[in-house]
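Coordinate-derived values only; no laboratory data. All values reported here derive from a predicted model rather than from experimental measurement. Here the Cβ positions follow ideal geometry from the backbone for every residue, glycine too, while neighbour counts run over all protein chains shown.
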Amino acid sequence: MSPTTLLAQTAPAADFSNDTLGVMIGKAVAILLFLLLSVLFALWFERRLIGRMQQRLGPNVRGPLGLAQSIPDALKLLLKEDITVKGADKFIYLLAPLISVFSAFMVFAVIPFGPEARIPFTDIVTPLQLTDMPVAVLYFLGITALGVYGIVLGGWSSGSTYPLLGSVRSTAQVISYELSMSLALVSVLIVSGSMATSQIVAAQETTWWVFALLPAFVVYFISMVGEVNRLPFDLPEAEGELVGGFQTEYSSMKFAWYYLAEYINMLNVSAIMVTVFFGGWRAPWPLSQIGDGMLNEGWWPVLWFLLKLWTSMFVFVWLRGTLLRFRYDQFMRFGWKVLIPVALAWVVIVAVWQGLQQFTVIGTYDLRTWLFAGAGVLLAIALVLALLPEKGDKGEKPALAEHSDAARRQQVARTEGDQVEGEYFDAFAGGFPVPPMPGQKLPPSPRKVKVTTPAGDSSDAAQRSTAGTDPDDEAPDTKETHDG
Amino acid sequence: MNVLAQAGLEISTGETVLFWVLAPIAVLCALSLLFTRRPVRIAVAMIAVLVSLAVFYIANEAPFLGVAQIVVYTGAIMMLFLFVIMLVGVDASEARTERLPGQRLIAAGAGLGLILLLVAVGSRATLPQGQGLAAANADSNAVGVARLIFGEYVFVFELVAALLITAAVGAIILAHRERVEPKVTQADLARRRLADYASGTGSVAPRPAPGVYARHNAADMPALDAAGEPIEHSITTVLRIRGQRGEIDTDQIEQIEATADHTSTKEVDG
Amino acid sequence: MSLTHYLVLAAILFVIGALAVLVRRNALVALMGVELMLNAGNLMLVTFARMHGGLEGQVLAFFVMVVAAAEVVIGLAIVVAIFRTRNSASIDDVDLLRN
């Protein structure tokens, strides 16, 4: 028997054999309710947090702490006029938000909320998970891939330019970021020896994979933000560029479905992240030692799972409050030239490592030593190559023909300004005014000279104004004139 | 057929229902390949066919293949199709004229022949009794398939991998365009704009929005300056070149002017 | 209901795909027809695997899937390349070798 199967068998899978149809329906309804309530809560959570980050209060009127604010908002959205655009492809226009929202609801079926627990007031003992399958992680990838059709088709069927651009962007985005996402997950699958979520959680009993597989986690985290179209990767719906992107022409209920799907998708990718990298429902380290693992049994795990889930949601909001949107070409370059190669290299490393651990029976030690030596040599070569100066990387950048002269002159002026002490930066060297680069000095402001001259010695004033040319220094003066 | 059903494999009622619900849907959607005109609709129908096939795979005890089908086909291949459809023009519906005379008839005949052939071959074949995959899937389907792929068929696997890489490189070469002009970056554009401004031909500020004085939402109405003259560059270049610039209704402007005068005098009065 | 039903369905889908390749003039739709034919073949393979109680059919179907992906990538790249030069996605317009 090969080692792979040994590994797969050592990890206990969730046992669903006792589940009756009623229990399954109950679980499904519970998940549905959980998702809907979570979305209502997430709306409030996000607005309050963003408010705090922007030094304002956020919604605080309806209900305690403004908690009920989402309900009137949702009702208002549903009662708006439902507009169908004249140029739309009606059937697909209606179908697209449905695809989005249905596939968003489907992912949580394979997320384990906890181990086996007894349902209160009954004798039923069942895993706190709707179902599990040997290919659960692939199922998640497939469902997210399906969900993107909602965005792509919605943008196309609106028959309008901005939504179309949004959906083209989203297609390219998903193709590239789903790739790095799957590659990041592959290394987890290799070390867990299974694709079933319950077994992946079981495999993290001693170490969470976030520690063992940090690079994979970083890649997954970045791609998951790209996958759910959140800032800084919200290019398909960039309101500054594309009005609203794919959802521009949607209103009322159909828009609400997109909105719902977006937030559920955030919960989905967060839940997968928690399950795959953060030990799923397992209690964090010091707590897991209390009372012989008491906190990893019964209903406690649900609490840990939810805490981890909402920490991830917090990070989503935090990112939105902090980062600016990427430009589209930067975003694609980052995906293809950074994320995918890193993920690929990491998968190879993990695969080799795992292969050595499992499949070499004779001379394991020797082989590993050799590999370490080889890796060391490679690293040394890479280091030497990195330290060698690259040739011809300066001044090659093509500029526009008519402005290249001006640009060069400006560059010359800048470098001279850097080198020659006491010489001022000529803002008009390129033919038009530009602000100074860091380290460049502006000539003394004529206005400042005029203001300070009557106060004392003229040469002293000139010196002072030379020394303080940065705007901070100048600010009090101007403020005074404004006040006066 | 009854012989089959009596064999070791028993097909559950659930699967029967699933088949009779999904199979007609799959065939109907597949037929749109022949009869629908808009490529995007065909692509959507194709997605439906592929997803129902994935469900059939799962029903046929191949969960790994079923999910892989969704990931590969809907996640990558059909997405690529949609991307190209949007790239080459969404409504590029084809000409109805036949290049080769009678091609449709001949094709229909060939299709009929193919059906007859398949039926003939199929009816003569002696199919083995269904055995099911309970034994083969004992360690879960994914493990069973993996054992075959990385064991007995590892060479085929590597060949296919080489093929895939070749295809990727080939696609890059085919779709690659040589850059004949230097790339215009955002910095270059900003520099050009400021240079235009310095030489007095351009403006640093964004263009004025169209339709400011129009009473309806009009992208084709030029904005009016303070003197009441239309500002031509407030409309997008596309509309100007197409000749779709809206005509300014002078009566309406006078009307607006009158209202404006009225309100201003009112303010003075108040 | 028996496994033969799956085979019949696969045959029907295969014929539809083949007809689409023969009849449709849009290169993209013709490519989708090829995809449908490959998928019909896959359904047959999976059904046969179940019939014979072995996983070889599924493995072969998996390889077919990969080859199909390669085929689509190249096919679409060719369509895009032709569209760039001739501004058309119709098979009929690629006729430089005609006459």
* chain B: Cα Rg divided by the 2.2 N^0.38 Å rule of thumb -> 1.76
* When Lys and Arg each count +1 and Asp and Glu each count -1, what net charge do the other residues less than 12 Å away from A:Ala96, Cβ to Cβ, add up to? -> 0
* Structure fact -> In terms of the charge dipole of the range A:16-353, which places +1 on Lys and Arg and -1 on Asp and Glu at the beta carbon, the residue among A:Leu307, A:Ala283, A:Tyr139 farthest towards the positive end is A:Leu307
* Nitroxide proxy distance, nm - points 7 Å out along Cα→Cβ at A:Gln330 and A:Thr207 -> 3.5 nm
* To do: Enumerate the amide H contacts of A:Gly114 below 5 Å, restricted to partners 5 or more residues apart or on another chain; note that Pro and chain-start residues carry no placed amide H.
  => A:Leu128
* **Burial order of peptide ranges A:200-211, B:15-26, A:140-151, A:108-119 (average beta-carbon count within 10 Å, highest first)** => A:140-151, A:108-119, A:200-211, B:15-26
* To do: Determine the distance separating the Cα centre of the range A:160-211 from the Cα centre of the range B:101-165; give it in Å without decimals.
  => 30 Å
* Once both labels are modelled 7 Å past Cα along the beta-carbon direction, what's the B:Val238-A:Val125 spacing in nm? -> 6.5 nm
* To do: Counting other beta carbons within 10 Å of each Cβ, put A:Thr322, B:Thr185, C:Thr47, A:Thr126 in order, fewest first.
  => A:Thr322, B:Thr185, A:Thr126, C:Thr47
* **For A:Ala196, residues with placed amide H under 5 Å, excluding near neighbours** => A:Ala136
* To the nearest 0.05, what FRET efficiency results for B:Gln252 and C:Ile74 with a Förster distance of 41 Å applied to their C-beta separation? -> 0.10
* Structure fact -> Residue by residue through the range A:241-251, the couplings from Karplus 6.51 cos²θ - 1.76 cosθ + 1.60 with θ = phi - 60°, in Hz, x for Gly and Pro, are 10, 10, 6, x, x, 4, 9, 4, 8, 9, 9
* A:Leu231, A:Leu94, C:Leu9, A:Leu387 arranged by Cβ crowding within 10 Å, fewest neighbours leading -> A:Leu387, A:Leu94, A:Leu231, C:Leu9
* Asked: Could you state the number of Å between the C-alpha centres of the range B:183-247 and the range A:114-158?
  -> 50 Å
* For a label point 7 Å from the Cα of B:Glu152 along Cα→C-beta, name the residues of the range C:39-56 whose backbone N is under 18 Å from it. => C:45-56
* Asked: Fewest first, what order do B:Val121, C:Val34 take by the number of other Cβ atoms within 10 Å?
  -> B:Val121, C:Val34
* Structure fact -> Long-range amide H partners of B:Met221, meaning residues 5 or more apart or on another chain whose placed amide H is closer than 5 Å, are B:Gly211, B:Gly246
* **Efficiency of FRET between A:Ala373 and A:Val338 - r from beta-carbon atoms, R0 25 angstrom, step 0.05** => 0.30
* Pop out the ³J(HN,Hα) list for the range C:40-52 in order, Karplus 6.51 cos²θ - 1.76 cosθ + 1.60 with θ = phi - 60°, rounded to Hz; leave Gly and Pro as x. => 4, x, 4, 4, 4, 4, 5, 5, 4, 4, 5, 5, 8
* **q = 0.13, 0.15 Å⁻¹: log10 I(q)/I(0) that the Debye formula gives for chain C, counting C-alpha atoms only** => -0.56, -0.68
* Asked: To the nearest 0.05, what FRET efficiency results for B:Phe35 and B:Ala260 with a Förster distance of 51 Å applied to their C-beta separation?
  -> 0.30
* Structure fact -> Distance in Å, no decimals, from the C-alpha centre of the range B:56-85 to the one of the range A:275-289 is 34 Å
* What's the angle, to the nearest 10 degrees (0 to 90), between helix B:78-87's Cα axis and the longest principal axis of chain B? -> 30 degrees
* To do: Tell me the label-point distance for the pair B:Leu105, B:Arg177, using the 7 Å Cα-to-Cβ offset, in nm and rounded to one decimal.
  => 4.4 nm
* **Length gained when the stretch A:Trp353-A:Leu37 is fully extended (0.36 nm per residue, less Cα-Cα span)** => 109.4 nm
* Pick out, from A:Thr171, A:Ala196, A:Gly240, the residue whose Cα sits farthest towards the positive end of the charge dipole of the range A:16-353, with +1 on the Cβ of Lys and Arg and -1 on the Cβ of Asp and Glu. => A:Gly240
